[in-house]
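Since the structure comes first, as structure tokens, the remarks are kept for the end.
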Amino acid sequence: MKLREVIIRNFRNLVDVCIPIDNTTILVGENNTGKTAFLDALTQALPKTGYTRNNPFDEYDYHMAKKEDSPRTSSGIVIETWFREDRSDEWPEAIIQSLTEIIQTDPVRNLNSIGLRLTSRYDKDAGQFVAIREFLNTKGEPLGGKAAHPAIVTRFLEYVRLFYLSALRDSESEFSPKSQFWGRILRDLKIDDVKRKKLADELNKLNESLLTADPRLDKVRTSLERIQTVLPSGGKTTIQPLPLQPWDLMVKSQVVMRGKNAEVDFPLSRHGQGIQSLAVLFLFQAYVEVLLKPTFHADTEAILSLEEPEAHLHPQAIRALTATINDIAAQKIVSAHSPYVLQNVPITSIRLFRRIGNVTVVHYVKRSFSAKIPKVQGLIDYCKSNSSKYDYHETEELLTVRGSIDDKEYRKILPFYSTDKTAQASLKQLKEESQLYLSDDDITDLDTYAKRVRGEVFFARAWLLCEGQTEYLLLSYFAELLGTPLDRFGISIIDFQNNGSPAAFVALARNFNLPWLLVCDHDTAGLGYVESVKKLGVSPAEAADLLRPLAKKDDDLESFLVASGFLPELVTLLTSKGVTIAKKPGDSGYEAEVAGHLRNRKTEAGTDLIKQLRNAKANKSRVPSFFAKAIQDIIQKAT
Amino acid sequence: MATKQLASAQARLNPSQRQAAAWDKGPLLVLAGPGSGKTSVLTCRIARILDETRDKPFRILGLTFTNKAADEMRTRVMDLVPGEEHRLFLGTFHSFCAEALRQHGSHLGISPTFTIYSQDSDLESFLSDAVDRLKPTSSVVSDQDKKLLPIIQRLKSLLVFPDKCQEVIEDADLCQRVVEVYPAYEEELARHNALDFTSLILRTYELVSKFPAFAKRYRTVYPYICVDEFQDTNEAQYSLIKAILGQSHRNLFIVADDDQIIYQWNGASHQRLEELASDFKPTVLQLPVNYRCPAEIVDLANNLIRNNFLRTENKAPLQAYQGPGGDDAVRLLGPYEDFDAEAASVSDDIQQRHPTSPGKVVVLARNRKLLLGVQTALRGRGMSAAIAQRKDEFESAPFVWLHGMLRLANDRQNEDVLEAVCGSFRQLSGIESDVEGVKAQAQAAGQDLFRRWLKHAQTHAAKSNAGKVLADANKCLGGGNEFLRFCDSSLAWFDEIARPENHNGDESNEPFAVFSDERTVWTDLKREIIGTVGEGVTLEAFLQELQMRSKESIPSPSMVRLFTIHASKGKEFDHVYLVGMVEDEMPSFQAIKKGDRSPELEEERRNCFVAITRTSKTLTLSYAGSYNGWTKEPSRFLFEMGVLEEEDS
């Protein structure tokens, strides 16, 4: 059973978020944007032990927007977890049998789901905070009857086990006999009776020889025996250096490792943080493989919520670790701060947390778009004959589209609602939203190019898109000259030519709701980029503001630079490379020739120009106003 | 490891019972005669399977025809395998369907808060509204169509949906009217979010046949399905079972007796068992040993039923487990001059023979009219006597109020219920509610009737002893299963105002006349409903289950009970008096008209068979020479049984 959606309201900064969950889901975002709150909420929603009347929240968990708010006036914390089948008959028979009261079925698509809601609010009559767990129907209404019996929460939680590993993975406590995995593994060890007796005998012998090793020990023992004179128990007092029961001995087990080129084994706790952290993760894997199913049911599945797996590890180790995490037989929800973690996960699994005021918003790549639209036969038929893209849920009256609605399709659907203004408005909005859709090819491109090279872009507050590497270098240098280095504002420059298409990046930025701005040449290729982005449903006003080809027609970067006061530096550059310029300064076409030579030496030209300017201690007056404006504008959008 | 209770229950079974209880998979038909211990077989088998599979999550579905049978079996199973209750659904077809529609009915546009209407008078008024709605625009519908309810019910029990009635109704004129009235009636039910009993089955059938996902769901969850009293299933119920089972699932355990089919008029048929045989090819096991009746009665039963042709081939005759019951085991009284004399003599006989234990005596008859005669005679002799019948509604003011409050909380704009609440509240508290005022204020304030009435009552009763219960209503009737707390609070209030010192020496205390009986009934029903639906029972489910159950109270041991044969089904009694044993009564006039070898006449014979096999100690048959002024011959069944000898003429 896979967790497929989490809805949270009024929990700390998570005032109203709805987050789809993949097999592996990566939460990214700056510090304090609510990633840990999300994992904490999940831990409360899916606790280890089933039913308890105790309220698991403390007063700071209730979102308070204004100073005069208090947890008692809060409308209450709501955490919904939705488990859904991805395909028919996915859930095993035993789960269907055991949980039938709470399983909701979409009989048309033949898909099952379970929704569990945890609500906590102040109950005026009871004079205390109360927490309620309820299973839901697909409309989000609580189920009654047998589905409301407390025992079913417990039964359900035996099939879904959530494990939380915090950023501070201290091997000492995780490998203690009381810990969630190691302790269980030790306690579950089975030693047969014959073997146990033999071991106990041997331990006894060892104890005796240890006691005789130093005669003083026996003196101590005799002295302690006087307890019997005060409180006679009739027994004998002994000292046991080693516990007599193999299990007592086992719980003291520890993992030892020998470092590279070392000769002595060290306990795990004496190794570095990175090793310790890794060891805990592997321990979890061992637990899932060895104990999870025997302890619960053959169909029990684990959800691992993992905070910052990259902590204390170097980049290669992080990338290796990501592969390891993928192998753990569990659904993984991982919060990460490292671009390296993102390099091995699909772009669709990223959930971007951003904080606006004291409210968190979460963005992600949407693979489908839905809207409530009243049931009419025409639409039902249309969806049936276009079922690869369209889907209509009759009971919920929900239209879902997996792709962007094009004009042709829109014109076919709209007439079904020729008199229903509300439905028309919903359809229009759905059409607009659906333009954000990224095709499978776009996603493959973004996955292949963008993410592998530049995982950091997902941690940026805004994107400045440009064509190639020269623009990339110049933009960051110009920003420096202006005294506003882009890193300081969390702005990533993305050179889209080498990393996919500009439209894919803009679509991605819009999916993640990231501010963006694009500069490009004013030539055929550049105008082509502009057109491809406009097709995404960018409004004319937005297009005028955000899509910025160089000012003059037919301008490319080289002719732009030549015309923007850099002619002397560029000529020096060409001369030093042994390029002969046929025309003389002042000749007609001289500038054009220089620009032509530069086009053959693109990257070199950029680095060399910057070098010359640095040496000459250039100041901000040298920054062309076109670029200065682009830089100022994106900074403004980012802050 | 079987529990001690289960092991000893199994040890008590005879070899053929044990064979049935040990049946694991595949279709089985258990032909269980009256008093053959079928309930033990069913409960032992269910308990055994649950016990052997304690680590498995699958469940067992047991369908019965009466709540009493279901409750009895559930209690027994829970006793045999404690802790496995949640793996069992034991209930009537109607309870099962109500649960299915609450859970999945939204896919058919049925809201889970539907109300079940069980009384024909309610349904007739829906039909009447539907007809009134049709009349202005229809050329064929008229007031006479307000009498079409039985036809519509019959169509529904045959699984004929409104769009298909043309295929089954031959009379063209009738068909034309039904085609319009039937869907209008269904629409009227839907407008009120109401379902009648036949809709429960029909719509559940629609659910599982329209969406195979649900049929599959039920057979996955319930790999073992058992049906008790299968001979009484009608077309709709049997089709529902088949739809759930699908093409390949064959784990069906059927208990039936074709000699006890007495619901032919409701669509039951001896053909059902033939259909079952051809659809599922079940193995057949017979349980002929009768543990209930003295040997003499078993002989009568065998003599009688062998005259039926429409019954399973090779059906083994009943075998008496008990020895002979002595001279009193079977007696024939009569012929009396007329039915009045018969009723008088039967009453005298009961009075003389059972002066201290009238509660162990029952009087059975083919129809209610005969029972009324005997009841009058019994009462005339100062004996207490009552005809057992389904009681649809509570009668005492306290429970009329409580039931009304719950209904109003669930259906907040229902004016009829509001009136019941106001009336009973006046009887309980002496406080008059201004019904019209409440309605008007509710409308003006855009509030529901429940809220408005409660506010109104709280204002007027703040200082009375009803203050607390009204406050609790306010608190608990908002949602969830808090309503049970309100019920407890109401009971506490009733108990307080029922105390003699609190009604000013008014001896009769009319509003509380049957309070203490109904209090017991209420407590029992609540326990049974929670047993069926679960502890988290919602208000709507509680009301639906309550509507499906009779509110009659447990009879007092000083009272002689009178049953129609249909109402006596599935029960047993020490001393049975079967009256009116003449032609045209038993068998009935209508059946005789159909011919000696008609299915109708055979059903009459089965009625007689069922009646005499209720007896565990003595059976007294009686007849007279004339009924309502018409001369009648002794019943042919008396001859067939061998109680009367044919005179050579």
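A short reminder: the numbers here are calculations on the coordinates, not readings from a lab. Computed from a predicted model, the values in this text were never measured in an experiment. Glycine also receives a Cβ, built like all others from the backbone with ideal geometry; neighbour counts cover every protein chain displayed.
General observations
- The separation of segment A:276-297 from segment B:524-586, counted between C-alpha centres, amounts to 57 Å.
- Dipole of the protein assembly as shown computed with +1 at Lys/Arg Cβ and -1 at Asp/Glu Cβ about the Cα centre; of B:Gln17, B:Phe214, B:Ser40, farthest Cα towards the positive end is B:Phe214.
- Among the listed pairs A:Lys2/B:Lys216; A:Lys139/B:Lys210; B:Lys56/B:Lys210; A:Lys2/A:Lys332; B:Lys164/B:Lys242, those beyond 18 Å (Cα-Cα): A:Lys2/B:Lys216; A:Lys139/B:Lys210; B:Lys56/B:Lys210; B:Lys164/B:Lys242
- Long-range tail of P(r) for chain B (Cα pairs > 40 Å, %): 37
- Only helices enter the 222 nm calculation for chain A: every DSSP H run of n ≥ 4 contributes -39,500 (n - 2.57), and dividing by all residues gives -10500 deg cm²/dmol, rounded to 500.
- All other residues whose Cβ lies under 12 angstrom from that of A:Thr25 are scored, Lys and Arg at +1 and Asp and Glu at -1, for a net of +3.
- C-alpha center-to-center spacing [segment A:319-352, segment B:250-292] in angstrom: 62
- Sequence-distant residues sharing a close amide H with B:Gly536 (under 5 Å, placed H): A:Ala148, A:His149
- DSSP bridge pairs, the protein assembly as shown: antiparallel proportion in percent, nearest 5: 40
- Candidates per trypsin sites (Lys or Arg not before Pro) in segment B:1-83, loop by DSSP, up to 13 other Cβ within 10 Å: B:Arg12, B:Lys25, B:Arg54
- For segment A:366-524, taking the reciprocal of the average inverse distance between every pair of different Cα atoms yields a Kirkwood hydrodynamic radius of 18.0 Å.
- Separation of the A:Asp248 and A:Arg614 label points, Cα + 7 Å toward Cβ, nm: 7.0
- Inverting the pair-averaged 1/r between distinct Cα atoms of the protein assembly as shown gives 38.3 Å as its Kirkwood hydrodynamic radius.
- The HN-Hα couplings worked out from phi for segment A:503-517 by the Karplus form 6.51 cos²θ - 1.76 cosθ + 1.60 (θ = phi - 60°) are 5, 4, 5, 5, 4, 4, 4, 5, 4, 8, 6, 8, x, 8, 7 Hz, whole numbers, x standing for Gly and Pro.
- Geometric extent, Cα atoms of segment B:541-604 - Rg, Dmax (angstrom): 17.0, 47
- Charge dipole magnitude, Cβ of K and R +1, D and E -1 - the protein assembly as shown, Cα centre, debye nearest 20: 4960
- Taken over the C-alpha atoms, segment A:29-120 has Rg and Dmax values of 17.2, 52 angstrom.
- Between B:Leu332 and B:Leu621, the built amide H atoms are under 5 Å apart, and every one of these is 5 or more places off in sequence or on another chain.
- Hz values of 3J(HN,Hα) by residue in segment A:24-31 - Karplus curve (6.51, -1.76, 1.60), Gly and Pro given as x: 10, 10, 10, 9, 10, x, 5, 4
- Over segment A:140-223, the hull volume per residue, using the convex hull of the C-alpha atoms, is 241 Å³.
- Value of Rg/Rh across segment B:129-226 [Cα atoms, Kirkwood radius]: 1.07
- Our analysis of segment A:369-434 gives Rg over Rh at 0.90, with the two radii drawn from alpha carbon positions and Rh computed by the Kirkwood formula.
- About its Cα centre, the dipole of segment A:440-638 is roughly 680 debye, where the only charges are +1 on Lys and Arg Cβ and -1 on Asp and Glu Cβ.
- Taking one quarter of the surface of the convex hull spanned by the alpha-carbon atoms of segment A:440-638 gives a direction-averaged projected area of 11.7 nm².
- For segment B:512-649, the Kirkwood hydrodynamic radius comes to 18.4 Å, computed from all pairs of different C-alpha atoms.
- Furthest towards positive pole of dipole, B:Val30, B:Gly625, B:Phe126, structure part the protein assembly as shown, Cβ charges: B:Val30
- For segment B:425-462 versus segment A:113-178, the gap between their alpha-carbon centres in whole angstrom: 41
- Net charge of neighbours whose Cβ lies under 14 Å from the Cβ of A:Leu242, counting Lys and Arg as +1 and Asp and Glu as -1: -2
- Extent along principal axes [Cα atoms of chain A; Å; largest to smallest]: 118, 72, 50
- Ranked A:Met64, B:Met405, B:Met581, criterion: other C-beta atoms within 10 Å, fewest first: A:Met64, B:Met405, B:Met581
- Ellipticity at 222 nm from helices only: DSSP H runs of n ≥ 4 in chain B, each -39500 (n - 2.57), divided by the residue count, give -15500 deg cm²/dmol.
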